[in-house]
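The values are calculated or read from the model by the stated rules, or taken from the named source; none is laboratory data. Fair warning: this is a prediction, and the values are worked out from it, not measured in the lab. No Cβ is skipped: glycine too gets one built from the backbone with ideal geometry, and neighbour counts run over all protein chains shown. Note: areas computed on protein heavy atoms with side chains; ligands, DNA, RNA excluded. Shrake-Rupley method; radii C 1.70, N 1.55, O 1.52, S 1.80 Å.
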Amino acid sequence: MGSESAFSTLNLDADIMRAIDDMGFEEPSPIQSKSIPPLLEGRDLIGQAQTGTGKTAAFAIPILQRIERYSGTPQALVLTPTRELAIQVSEEISRLGRYKSTRVLPIYGGQPIARQIRTLKRGVDVVVGTPGRILDHIRRRTLRFDQLRMLVLDEADEMLDMGFIDDIRTILQETPSERQTLLFSATMPQPIVRLAGQYMHDPVRIAIRPEQVSAPDIEQVYYEVRPHERFEALCRIIDSEAVGRAIIFCRTKRGVDELTEQLRVRGYPADSIHGDLDQRQRDRVMSSFRSGDTELLVATDVAARGVDVEQVTHVINWDIPTDPESYVHRIGRTGRAGRTGTAMTLIHPKENRLLKAMERAVKARIKRRPIPTLADVAERQRGIVRERLLQALQDDRLKSYRGLIEELAEEYDSIDVGAAALVLLLDSAGNAGGPSPKDEEFEDTGAEDGMVRFFINVGRRQNVGPAQIVRSIAEDTGISGALVGKIDILDNFSFVEVPRHTAAEVWRAMRNSRIGGDTVSFEPAKPARKNGSF
Ligand code: ADP
Ligand code: MG
């Protein structure tokens, strides 16, 4: 399926295509599909689109396609307003350029200039930096732009807000006038338009304005979450809602695979669907979703387009989509055939503007909801027990137990007897709601013999390494670090094994502990269980 993606119509080098595929992008976002062709022709370009719409790759891909390797001096320069953005953009260009071995260097204040100079001497193809520091290097003659072919002003409106406009002018004057100039911005205030008029040659103008599209009449809500709490928030949402069948959307194939894995580790019946699956695999996943064996289907936009399943109770946007049309496509998967559904979107605080754009485009209010508390989750679990009790009250077999209860009720309070029956029911299913470590929790965790495997919801991306995990277990439990077994660090989560006899203590201590400054979720790794059943 990947071969049909619109990226393949752009005639990009095979090594760029391979990197795009590695990143898990299935198709270009609107700003990318409109900008990349004129940029490949060498045109100047002004691109306007909201934050979060994929502007970085819109210029990174043409840069990588157009520059020549190993010329020694920088051929492309990207100016960004902040050091964080310089790092992010430089990482994205490096990732997209990994098979071309493109050398990308972020340059920003606050880093020893001597080190930057050493790296520059070794030769760099693309420089990404904040205007102040770049100007510094130009003045010291440690950066020369006489070979520069492409210059990008990224997030131009923010650079204007930060007072960089004069620095930008000076830098522009230091570069060859036949360079290709690109300007990307979420908004187009006058000074930016004037700057473009002065320094660009007949630029192509592209504005991705949210088109008006009508959204189905379903409840739309959003949750604002910080990256490290995103997964926990998702679990609580699922646990506190009456989720029957849900589709959870991610932007990338990799995102889909990672999230599915994380959900499974937590015991949710989740499966994934994206462009790398062949027809047979897709059919298998879809039939399991239809039958209800899979409650959570994690999908990319492209893969979900063909999905037609009734009774999808929830659409959850793990990532907010890059454009309103995708948003409408996604949420249209629920609330079909007159049934009610709910669409939920998790956003980073920075994505508020993008969310507002979705709201305007769909002409509907997307209401903010607080992340469910543990009490909400418990409330929902009680609701489930209540429903099951009410069902049981209709059961014929009730009669055969009445005598026993009558007997007990002579001696004990009948409400207590009822409550005791529930304790039995919930305990026997290993889902007691209360967090007392039960031996069964430590079975089947996938650990080596004599060990118990634990899941931790932080990983490489949160800068967590094996040493840190061993240290926090040793510090928080008093168990020698030497007893800690196998550790696997993945992008967003990790696993650690500890000896069976220490498992209860480790769990108790680590449940509320911190790793790398954040409280983390620390749970025995679990085989798949059916969500919500006891
Ligand atoms: P902007 O600069 O417009 O704010 P970014 O370039 O930072 O947006 O992209 C936002 C996110 O979307 C990033 O995580 C990026 O990796 C992802 N992204 C970009 N293009 C695509 C695509 N074609 N498919 C899926 N995800 C993408
Ligand atoms: Mg950007």
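Within segment 251-268, is even one residue among the hydrophobic types (A, V, I, L, M, F, W, C) and open to solvent by 10 Å² or more (accessible area, probe 1.4 Å)? Working first, answer last.
Step one: of segment 251-268, the residues among the hydrophobic types (A, V, I, L, M, F, W, C) are 256, 259, 263, 265.
Filter again for open to solvent by 10 Å² or more (accessible area, probe 1.4 Å), leaving 265.
Yes.
Mind checking whether some residue in segment 370-389 is surrounded by fewer than 17 Cβ atoms within 10 Å (Cβ to Cβ) and touching a strand residue (DSSP E or B) at 6+ places or on another chain (Cβ under 9 Å)? Please lay out each step first, then the result.
At the first step, the residues of segment 370-389 found to be surrounded by fewer than 17 Cβ atoms within 10 Å (Cβ to Cβ) are 370, 373-376, 378-379, 382-389.
In the following step, the residues that additionally are touching a strand residue (DSSP E or B) at 6+ places or on another chain (Cβ under 9 Å) were identified as 370.
Yes - at least one qualifying residue is present in segment 370-389.
Restricting attention to segment 98-112, does a residue exist that is within 16 Å of ligand 1 (Cβ to nearest atom) and in a helix (DSSP H, G or I)? Full working, then the answer.
The first filter runs over segment 98-112 and keeps only residues within 16 Å of ligand 1 (Cβ to nearest atom), leaving 98, 104, 106.
Filter again for in a helix (DSSP H, G or I), leaving 98.
Looking for residues that are within 16 Å of ligand 1 (Cβ to nearest atom) and in a helix (DSSP H, G or I), one finds at least one in segment 98-112, hence yes.
Condition first: polar (S, T, N, Q), buried (at least 18 other Cβ atoms within 10 Å of the Cβ) and within 9 Å of ligand 1 (Cβ to nearest atom). Now tell me which residues in segment 42-78 satisfy that. Passing the criteria: Gln50, Thr53, Thr56. A search for C-beta distances below 8 Å between a residue of segment 378-392 that is outside any helix (DSSP H, G or I) and any residue that is of a type outside the set (A, V, I, L, M), counting only pairs 6+ apart in sequence or on different chains, returns nothing.
Can you tell me which residue among Gln75, Gln111 is out of contact with any Gly (no Cβ under 8 Å at 6 or more places or on another chain), at pLDDT 90 or above and either of a type in the set (Val, Ile, Thr) or away from ligand 2 (no atom under 16 Å from the Cβ) (or both)?
Among Gln75, Gln111, only Gln75 is out of contact with any Gly (no Cβ under 8 Å at 6 or more places or on another chain), at pLDDT 90 or above and either of a type in the set (Val, Ile, Thr) or away from ligand 2 (no atom under 16 Å from the Cβ) (or both).
Give the residue, chosen from Met159, Met200, Met150, that is within 16 Å of ligand 1 (Cβ to nearest atom), touching a strand residue (DSSP E or B) at 6+ places or on another chain (Cβ under 9 Å) and of a type outside the set (Phe, Trp, Tyr). Criteria check complete, one pass: Met159. If you go through segment 190-202 and keep only what is in a loop (DSSP other than H, G, I, E, B) and open to solvent by 40 Å² or more (accessible area, probe 1.4 Å), you end up with His201, Asp202.
Restricting Val328, Val362, Val312 to those that are open to solvent by less than 70 Å² (accessible area, probe 1.4 Å), under 27 Å from Glu295 (Cα atoms) and more than 21 Å from the chain's Cα centre (by Cα) reduces the list to Val312.
The criterion of at least 2 residues that are at pLDDT 80 or above and within 21 Å of Arg236 (Cβ to Cβ) is met by the following strands (runs of 3 or more DSSP E) wholly inside segment 420-534: 451-456, 522-524. Applying the criterion of being polar (S, T, N, Q) and within 10 Å of ligand 1 (Cβ to nearest atom) to the residues of segment 11-41, the residue that is surrounded by the most Cβ atoms within 10 Å (Cβ to Cβ) is Gln32. Only one of the listed residues (Arg83, Arg103, Arg122) is under 24 Å from the mean Cα position of the chain (by Cα) and open to solvent by 40 Å² or more (accessible area, probe 1.4 Å). That residue is Arg83. Would you confirm, using the coordinates I've provided, whether Val89 is under 21 Å from Ile16 (Cβ atoms), modelled with pLDDT of 95 or more, β-branched (Val, Ile, Thr) and touching a Lys or Arg at 6+ places or on another chain (Cβ under 8 Å)? It is false that Val89 is under 21 Å from Ile16 (Cβ atoms), modelled with pLDDT of 95 or more, β-branched (Val, Ile, Thr) and touching a Lys or Arg at 6+ places or on another chain (Cβ under 8 Å). Residues that are more than 23 Å from Leu64 (Cα to Cα) and free of Cβ contacts under 8 Å to residues at least 24 places away in the same chain were ranked within segment 162-197; the one that is nearest to ligand 1 (Cβ to nearest atom) is Val193.
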